[in-house]
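Report on the following structure.
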Amino acid sequence: MKKLINKPEEVVKEELQGIELAHPDLVKVFYDPDFIVRVDAPVKGKVGIISGGGSGHEPMHGGFVGKGMLDAACPGAVFTSPTPDQMLAATKAVDGGAGVLHIVKNYTGDVMNFEMAADLAKEEGLEVEAVVIDDDVAVKDSLYTAGRRGVGLTVLVEKICGAAAEEGRSLKEVADLARKVNSLGRTMGMALTSCTVPHAGKPTFDLPEDEMEIGIGIHGEPGRKRMKLQSADEVVEMLMDPIISDIPYKSGDEVLLFVNGMGGTPLIELYVLYRKAVEVAEKHGIKVVRNLIGPYITSLEMAGTSITMLKMDADLIKLWDAPVLTAGMRKGI
Amino acid sequence: MVITRDDVIDWIKVYAQLLVEKKDYLTDLDSAIGDADHGANMNRGFQAVLSKLPGMEDQDIGTIFKTVGMTLLSTVGGAGGPLYGSLFIQAGKAVSGKMELTLADWADALEAATTGVVSRGKAVLEDKTMVDALTPAVEALKESVSKGLSLSEGLKNSAKAAEEGMIATIPLVARKGRASYLGERSAGHQDPGATSSFYLVNTAFKTWTNSHK
């Protein structure tokens, strides 16, 4: 293992200390239990929005705390769900009297810990709603699996719901909006390399030099199919086809196209992929009206990408364009 | 013969020590079908439990179990936190106020614990989870109680049943948790949660049998 860390068990704590030093204008950091809140929390009368999950996906979620996006983020150990005490403390810290929305990615651990936190918060008289994001088309949604994983769409849900809460919409409206975005967006990812969890010390899986893994998750879980490495254009087609045919997206649809880097893939390659993804969308008569390109939901140093499509309407476009000021995403300010 | 409060504390200490030794092995099992964190998470949780044990030594067994559960809930993370947290919290409720346990009490505690795991994780037998080790262990304990077997025989039977349940997860296709995303590819690997649950039951057998020799 070759990493710029001190001790594996100190990585998350030291990252939080760095964030605290770097962004005192945006966030406050609390320790034991660990969570990050926007500097002006709680915002009176505004719905609070919390997300959280294992660390190692930076900038998600801590980098999305700030005006126009999340009110708080709860970081777990690397690739490990945070715990209910963190989520409960964060929920209390951001409750401005209008209730709190938990945005949860569909992983067994995340869902169970957030459920326990919501139960504890409700016992204390707080108003909490939870929405589970499950956008990964690589996974079969059936009774025989834990359901589709929450991946790239999570970033878009956090941005759009953050804008809606900032506008003063109610908890029910913001939660319904999150469910709507979840129903309109789909993602598929792939990896060129594995990644190494610091406390594991070796790659999570082996991927030979000339092979790639299609349908990868964001925790170094192996995907569903391994094959010989293909060109960028062929990879885009392999990711876009199952996305487009899933909802399905239709000719005339307007979409946001999000080409995400998994952590080890440079922007030069993401733009190569974006160029082809737009071409594939247009071939289907789908119009790309907004985009996001870059490493926003990563898997440590994994090389690879995920592509997300979200069907847009006038309200979603307005919310997407609204100002946001966070360490990981800023526009309109 | 009964299980004393000191026996219970010894069991927790021995299990925590075993996790130190088996941390990498559990993580290896988890790398194959999950996300390579089960060993590290369990070890972190039980190290936190160890640091709280001195404050628990004059409590009843129910309170000790509940404190262990609450500690795991806030330190393990992942799915293991709520599941092992629920396991100990529910076991604690079942033996609330007790200063020693008969084999029947232990059967009640492990049954409540397993019910807690099932209701939190919603897994059934053969989903390739810790339930596959725990449920046979509970059944073996209850059968041993109804047959009037000794404490050590009952514990031995439960450990054997848990081990068989753990080994039986190898050919299964996972239907819960992160391993379920692999579909058929999850077959051929032993479930890490069933493994850590077998260790729990087996450590109880070994620790409590030794202390009553």
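The single residue among A:Ile286, A:Ile293, A:Ile297 that is touching a Phe, Trp or Tyr at 6+ places or on another chain (Cβ under 7 Å) and crowded, with 19+ Cβ neighbours inside 10 Å turns out to be A:Ile286.
Scanning the range A:269-302 for residues that are among the polar types (S, T, N, Q) and touching a Gly at 6+ places or on another chain (Cβ under 6 Å) yields A:Thr298, A:Ser299.
Please pick out the residue among A:Glu269, A:Glu282 that is closer than 23 Å to A:Pro203 by Cβ and among the acidic types (Asp, Glu).
Answer to the selection: A:Glu269.
Among the criteria (1) within 14 Å of chain B (Cβ to nearest Cβ); (2) assigned to a loop (DSSP other than H, G, I, E, B), the one A:Gly76 does not fulfil is (2). Out of the residues in the range B:85-130 meeting the condition of being in a loop (DSSP other than H, G, I, E, B) and within 18 Å of B:Gln59 (Cβ to Cβ), tell me which one is nearest to the chain's Cα centre (by Cα). Filtering the range B:85-130 for residues that are in a loop (DSSP other than H, G, I, E, B) and within 18 Å of B:Gln59 (Cβ to Cβ), the one nearest to the chain's Cα centre (by Cα) comes out as B:Val95. Assigned to a loop (DSSP other than H, G, I, E, B) and more than 14 Å from chain B (Cβ to nearest Cβ): is that true of A:Ala98 in this structure? Here the answer is yes, as A:Ala98 does meet what is asked.
Return the residues of the range A:108-166 that are without any contact (Cβ under 8 Å) to a residue 24 or more places away in the chain and either within 12 Å of the chain's Cα centre (by Cα) or within 26 Å of A:Asp313 (Cβ to Cβ) (or both); say none if nothing qualifies. Passing the criteria: only A:Asp141.
How about the range A:14-68: which strands (runs of 3 or more DSSP E) wholly inside it have at least 1 residues that are basic (Lys, Arg)?
A:27-30, A:35-38
Restricting attention to the range B:40-73 and to residues that are closer than 19 Å to B:Val117 by Cβ and small (Gly, Ala, Ser), the residue that is farthest from the other protein chains (Cβ to nearest Cβ) turns out to be B:Gly62.
Within the range A:115-128, none of the residues are under 19 Å from A:Ile160 (Cα atoms) and within 14 Å of chain B (Cβ to nearest Cβ).
Each value in this text was obtained by applying a stated rule to the coordinates, not by laboratory testing. Keep in mind the model is a prediction, meaning the values are calculated, not measured. Because the Cβ atoms are built from the backbone with ideal geometry, glycine has one as well, and the counts that use them run over all protein chains shown.
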